[in-house]
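Presented below is the structure to which this report refers.
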Amino acid sequence: MRKIILLLVLGIFASPAFSQHKADFKAAEKFKSTNIRKMLKSTRVNPRWFKDSDKFWYTYTTTEGKNFYLVDPAKKNKSLLFNNLDFAAQLSELTSKPWDHRNLSLKAWKLEDDNKTFTFMVDSVDYHFDINSKLITKGDSTEKANKRNNWATYSPDSTYITYAKNYDLYMMKADDPDSTEILLADDGERWFSYGFDRGDTTKDKKYRAAARWFKDESKIYVSRSDSRKVKELFVIDDLSNPRPEVEIYKYAMPGEQDVPQSYLSIFEIPDGNRIDVDIDKYIDQTIRPYLPGETSDRMFMTRMNRTSDSLDVVSINTNTGEVKELFTDANYPYFYSPNVQLSILNEGEELIWWSERNGWGQLYLYDGNTGALKNKITNSGYFVTGRIQQVDTVGRKVYFEGRGREQGVDPYYALMYKANLDGSGFRPISTEPANHFMNMSESSKYYVDNYSAVDMVPKSVLKDSNGNVIMDLETADLSLLHQAGWKMPERFMVKADDGITDLYGVMYKPFDFDSTRKYPVISYVYPGPQTESFVNDFTITGRYNTALAQLGFIVVSMGHRGGSPLRDKYYHTYGYENLRDYALADDKRSLEQLAERHAFIDLDNVGIFGHSGGGFMSTAAMLMYPDFYDAAASSAGNHDNNVYNKWWSETHNGVTRVDKKKKDDDGNEYTETTWKAKVKTNPSIAKNLKGHLLITHGTRDNNVNPANSLRLANELIKAGKRFDYMPIPGARHGYGSKRDYYEQMMWYFFAEHLLGDYRNNVEIDLPDGN
């Protein structure tokens, strides 16, 4: 008997160190995003400015209902646009229908240019509401408005439309069924089309053209991409009836010789004269065109080399096609193209350019005719300038986001600033410690400032151009959330693995949190480099995190070196040439520090999960630190970035140009250019797996092709590893309607492997006994 007891004791100590608590599936279900969202109403004021005025109207919904407001900033006055009861009563009499005065849904509600009449539609009948008299009148016409075709690109005054057909470019009069179509270009081909749907094979089908109108309607330009030589990739639509179908698309991978080539053409309207602009400079360059404003004599363009470290700003004479290089900016290791900002002022007389040349994103003013640098605009310390919010060309001021300038304020928060174009007059205008969103009047006298944080209730205020508060507008109504037991997550700061760099993150706890318990910890990850996993704005879900925590976990998401362009260039580009591993040490060290601070965190049971790049990172963490991470749920991961898209891998991991001297058959010497771009992969270290791994992937994912997960699975099988693999049938990259199923699948996975809570129910919904 003593031997049996001893064996039982040894068996207990040999078992995994699981908590004695079962997963609370009922709480997780209650606070799942699809259930909890209905508890939250409006969180921002979206001002609709009156024409040539600083007045605006907006709608805002609370648990009391939806109201329409009118604001006059000059008079510091906010009032109801109408009494909801009176409005609903009038509308009921006119339409002979009941109306919910608490939640009026008014189709096509629009303020007319007279600034006193709103129009809307009920059953295709026009109605008019007079702001002054507060009366609704029924319109004379009951004709249904012509529906705009989704294949048409309308000119600014809707005189003409352009479209593509059989890969060629066409134009015709708008809203005139008898109009003759005019062929503007007949050299389109499949994969080198004038339309956005470059691979469509449907004959005579009209679809949207890649054409853009100049404001004066005298010209259009078309920026085309030639992918005819780019290799094909495919996914299978297994659910197609009556037979599965193969979807073929063009997909350039890192280091490949044949990649898309950029072309730019300009067409005069209405005669159709065409200019093919000679834009060539760099091999495999990428371009981005810009309109000048109201005129059409010239346009602007950026062009960037394949290694993404040299970028030109050029002007183009649209009458002759002449290209003038204004200036070149260099940025090693790379330009992150979504950060590139070029603002055209006064029809191109001046340009505002965003550059990281000093290690922080800053704004510079250039002469738009000569390309000469006039001055730096943002002269007030070292910080990252974000998106330009508005340029006041009359007052010679620019309003913009800024991050990391104010001491003691989270560097991820977008604060608002202004400066004169000559570099003087720098001034903070919205510095409340939160994430700000600005919407400014055309006069630049006033703006609505919406701000919030994960631990701050969203607030909307009206301010003048100096940041002075004119009036409070709204504060989000969280009453239903609080009633349900919802609580805000907590922000934290830790050090990176270097012991120097500050990292920021968010912690989600169970709402019945008990500080005397030990909780497994799960890290929600995304490696960047374009964004990190944690949210800066107010959130009730934290994506999956709020619900996942309710099972009985501490869920955290935090930044890491190399994760975000919202901080300085060194931080942002830390992972260059190390795309697989750069984020991992910081994630591990952050979890260790949190456990050192909080006794309730159990480092014997550590989970990690993420989607796309996060799927890649979560698996990499399991394979690089197999004795630290115990379980990973990796969805749609780009596990082998050598078969992911060219831009991502070459930009963030690097590509090397290789030139070799060769001779042709006649003995003539020439230079052959090839490209080298190899990225470390998860399949190459699959043999390291020790813990539990769940891999999922949409079978129709044409962003991260399923080959990424299949290659990983193949190496795991070869290494003799046990793991879970779930193809998501018919799903694209984001899983669409099957997202909820995957979320619940992940709940069971972590409950089993971190809590030791195994359920045998077949139904995916709440298990018996919860």
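Pairs of Cα atoms nearer than 8 Å and 6+ residues apart set the relative contact order; for the stretch 340-453 it is 16 percent. Ligands, DNA and RNA left out, the 1.4 Å accessible surface of the stretch 155-336 is 46% carbon and sulfur atoms. Accessible surface area normalised per residue over the stretch 586-663 is 31 Å², counting heavy atoms of protein chains with a 1.4 Å rolling probe.
Would you please classify the overall shape of the stretch 402-446 from the alpha carbon gyration tensor, given that a ≥ b ≥ c denote the square roots of the eigenvalues, rounded means a/c under 1.5, and beyond that prolate means a/b larger than b/c while oblate covers the rest? Because a/c hits 1.5 or more and a/b fails to exceed b/c, the stretch 402-446 counts as oblate.
Can you give the alpha-carbon Rg of the stretch 312-427 over 2.2 N^0.38 Å, where N counts its residues? Write out the running numbers ahead of the final one.
Details: Rg = 14.8 Å, N = 116, 2.2 N^0.38 = 13.4 Å.
Against the empirical 2.2 N^0.38 Å value, I get 1.10 for the stretch 312-427.
Sorting Asp581, Asp512, Asp114 by solvent-accessible area of protein heavy atoms yields Asp512, Asp114, Asp581, largest first, with a 1.4 Å probe. For the pair the stretch 67-81 and the stretch 669-709, the centres of their Cα atoms are 55 angstrom apart. Residue ranking by accessible heavy-atom surface, 1.4 Å probe, largest first, among Thr318, Thr656 comes out as Thr656, Thr318.
The listed residues Asp329, Asp130, once ranked by accessible area (1.4 Å probe) with the largest placed first, stand as Asp130, Asp329.
Sort 543-550, 690-697, 156-163 by the packing proxy (mean of other Cβ within 10 Å over each peptide's residues), most packed first. Intermediate results must be reported in sequence, preceding the final value.
Working: 543-550: 24.5, 690-697: 22.6, 156-163: 18.2.
By packing density, highest mean first, the sequence is 543-550, 690-697, 156-163.
Counting alpha carbon pairs within less than 8 Å and at least 6 residues apart, what relative contact order, in whole percent, applies to the chain? Walk me through the numbers on the way to the answer.
Values: 1752 pairs, mean separation 77.1, N = 770.
In percent, rounded to a whole number, it is 10.
Note on Lys138: aspartates and glutamates with a C-alpha under 15 Å away, same-chain residues under 8 apart excluded, are Glu93, Asp123, Asp126, Asp130.
Rounded, prolate or oblate: pick one for the stretch 155-336, where a ≥ b ≥ c are the square roots of the eigenvalues of its C-alpha gyration tensor, a/c under 1.5 means rounded, and failing that, prolate if a/b is larger than b/c, else oblate. Working shown, then result.
Working: a/c = 2.37, a/b = 1.04, b/c = 2.28.
Since a/c reaches 1.5 but b/c is at least a/b, the shape of the stretch 155-336 is classed as oblate.
Taking all protein chains as they are arranged and a probe of 1.4 Å, the heavy atoms of Tyr670 leave approximately 100 Å² accessible to solvent. Between the stretch 182-252 and the stretch 507-584, the C-alpha centres lie 38 angstrom from each other.
Based on the Stokes-Einstein relation at 4 °C and a viscosity of 1.567 mPa s, and on the Kirkwood radius from alpha carbon pairs, the stretch 48-141 is assigned a translational diffusion coefficient of 93 µm²/s.
Summarising the label geometry, the points placed 7 Å from Cα in the beta-carbon direction at Asn375 and Asp157 lie 4.0 nm from one another. The protection proxy used here, the mean number of other Cβ atoms lying within 10 Å of each residue, ranks peptides 711-717, 170-176 as follows, highest first: 711-717, 170-176.
With the simple model of a label 7 Å out from the Cα in the direction of the Cβ, Thr328 to Phe513 spans 5.4 nm.
Under 8 Å for C-alpha pairs, at least 6 residues apart: give me the relative contact order for the stretch 48-141, rounded to a whole percent. It would help to have the intermediate numbers written out before the result.
Working: 147 pairs, mean separation 16.3, N = 94.
This gives 17 percent for the stretch 48-141.
Of Lys41/Lys738; Lys66/Lys107; Lys41/Lys445; Lys41/Lys459, which sit over 21 Å apart, Cα to Cα? Over 21 Å apart, Cα to Cα: Lys41/Lys738; Lys41/Lys445. Taking all C-alpha pairs of the stretch 377-477, those more than 25 Å from each other amount to 15 percent. Considering every alpha-carbon pair of the stretch 684-749, the percent of pairs per 10 Å bin, from zero through the bin containing the longest distance, is 21, 47, 30, 2. Placing a label point 7 Å from the Cα of Glu577 along the Cα-to-Cβ direction, the residues of the stretch 641-662 with a backbone N closer than 18 Å are 649-659. Computed with every protein chain present, the accessible area of Met558 is close to 10 Å² [probe 1.4 Å]. Rounded, prolate or oblate for the stretch 418-577? Axes are the square roots of the Cα gyration tensor eigenvalues, ordered a ≥ b ≥ c, and the cut-off for rounded is a/c under 1.5. Taking the square roots of the gyration eigenvalues as a ≥ b ≥ c, the stretch 418-577 is oblate. Here the simple spin-label model places points 7 Å from the Cα toward Cβ, and for Tyr570 and Asn761 these points are separated by 5.3 nm.
Looking at the stretch 130-236, the pairs of alpha carbons with a distance over 17 Å make up 61% of the total.
Roughly how large, in nm² to one decimal, is the mean projection of the convex hull of the alpha-carbon atoms in the stretch 462-528?
Computed as one quarter of the Cα hull surface, the answer is 9.2 nm².
Note on Tyr127: accessible area approximately 10 square angstrom, rounded to 10, probe 1.4 Å, nucleic acids and ligands left out.
The structure shown yields percent of Cα pairs over 44 Å apart, and of the options (i) 49; (ii) 28; (iii) 37 that calculated value carries the label (iii).
Given the rule -39500 (n - 2.57) for each run of at least 4 DSSP H residues, summed and divided by the residues of the chain, what is its mean residue ellipticity at 222 nm, to the nearest 500 deg cm²/dmol? Before the final figure, lay out each step's value.
Values: 12 runs with 114 residues, N = 770.
That calculation yields -4500 deg cm²/dmol at 222 nm.
Partner lysines whose Cα lies under 17 Å from the Cα of Lys165, excluding those fewer than 8 positions away in the same chain, are identified as Lys173, Lys203, Lys205, Lys206.
So, by mean Cβ neighbours within 10 angstrom, what's the order for 405-416, 614-625, 371-382 with the highest one leading? Before the final figure, lay out the partial values.
Values: 405-416: 17.8, 614-625: 27.2, 371-382: 15.1.
Answer by packing, highest mean first, reads 614-625, 405-416, 371-382.
In the chain, if the dipole is taken from +1 on Lys/Arg beta carbons and -1 on Asp/Glu beta carbons about the Cα centre, which of Ser337, Asn305, Asn273 is farthest to the positive end? Of Ser337, Asn305, Asn273, it is Ser337.
The values are calculated or read from the model by the stated rules, or taken from the named source; none is laboratory data. No experiment lies behind these values; they were computed from the predicted model shown. As a convention, Cβ positions derive from the backbone with ideal geometry for all residues, glycine included, and neighbour counts pool all protein chains shown. Protein only, heavy atoms only, side chains kept; ligands, DNA and RNA dropped before computing areas. Shrake-Rupley method; radii C 1.70, N 1.55, O 1.52, S 1.80 Å.
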